[in-house]
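Written out below as structure tokens is the structure these notes cover.
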Amino acid sequence: MGQSQVKYKPDPEIFMMVLQDSQLVPKETLFIDDNLNNCLTARQLGMYAYNIKRDEDVTTLFKDGVLAID
């Protein structure tokens, strides 16, 4: 009997599975996470990534529906 191997972030395979399943294009995708390693993997795969602070409110990143970060 074969055992399935569970994958977790920051394993790039997880990111690629989500992108494919959601039909997302990496260069058109914003990944927000409080773990720097996860953000680095997302960037390596061509996504925009924002390393949010644990106490930061994600809604403050957007103003009038537009992303407001550098």
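Answer rounded, prolate or oblate for the stretch 31-70, using the Cα gyration tensor with square roots of eigenvalues a ≥ b ≥ c: rounded when a/c is under 1.5, else prolate when a/b is larger than b/c, else oblate. All intermediate terms of the calculation are to be shown ahead of the outcome.
On the way: a/c = 3.42, a/b = 1.46, b/c = 2.34.
It is oblate, given that a/c is not under 1.5 and a/b is not larger than b/c.
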Problem set entry | Summed side-chain charge close to residue 34 - residues other than residue 34 whose Cβ falls under 10 Å, Lys, Arg +1, Asp, Glu -1 | -1
Seminar exercise, completed: Non-local residues with an amide H under 5 Å from the amide H of residue 32, with H modelled 1.01 Å from N and Pro and chain starts lacking one, are 50
For this session: Pull out a ≥ b ≥ c, the square roots of the eigenvalues of the alpha-carbon gyration tensor of the stretch 1-40, then state rounded if a/c is under 1.5, prolate if not and a/b is larger than b/c, and oblate in the remaining case.
Result: oblate
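Starting from 0.36 nm per residue, how many nanometres of slack lie between residue 16 and residue 53 once their C-alpha separation is accounted for?
Working: separation 37, 0.36 × 37 = 13.32 nm, distance 2.43 nm.
Extra length from residue 16 to residue 53 when fully extended: 10.9 nm.
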Problem set entry | Derived scalar couplings ³J(HN,Hα) [the stretch 41-46; Karplus, 6.51 cos²θ - 1.76 cosθ + 1.60; whole Hz; x for Gly, Pro] | 5, 4, 5, 4, 8, x
For this session: Please work out which option in [x] 15.8, 53; [y] 14.1, 53; [z] 12.4, 41 gives Rg and Dmax of the Cα atoms in Å calculated from these coordinates, and answer with its label.
Result: [y]
Exercise. Quick one: helix 12-21 against the long Cα principal axis of the chain, what's the angle to the nearest 10°, folded into 0 to 90?
Worked result: 80 degrees
Seminar exercise, completed: residue 54 neighbourhood, Cβ < 13 Å, K/R = +1, D/E = -1, net charge -4
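Could you check how much of the accessible area of the chain is carbon and sulfur, as a whole percent, using a 1.4 Å probe? Write down the numbers at each step before the final one.
On the way: 2930 of 5710 Å².
With neighbouring chains kept in place, the figure for the chain is 51 percent.
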For this session: Return a whole-number percent for the relative contact order of the chain, with Cα pairs under 8 Å and 6 or more residues apart as the contact set.
Result: 23 percent
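The values are calculated or read from the model by the stated rules, or taken from the named source; none is laboratory data. Since we're looking at a predicted model, the values are computed, not measured. Quick reminder, even Gly has a Cβ in these numbers, built from the backbone with ideal geometry, and neighbours come from all protein chains shown. Note: accessible area is taken over every heavy atom of the protein model, side chains too, but ligands, DNA and RNA are not part of it. Shrake-Rupley method; radii C 1.70, N 1.55, O 1.52, S 1.80 Å.
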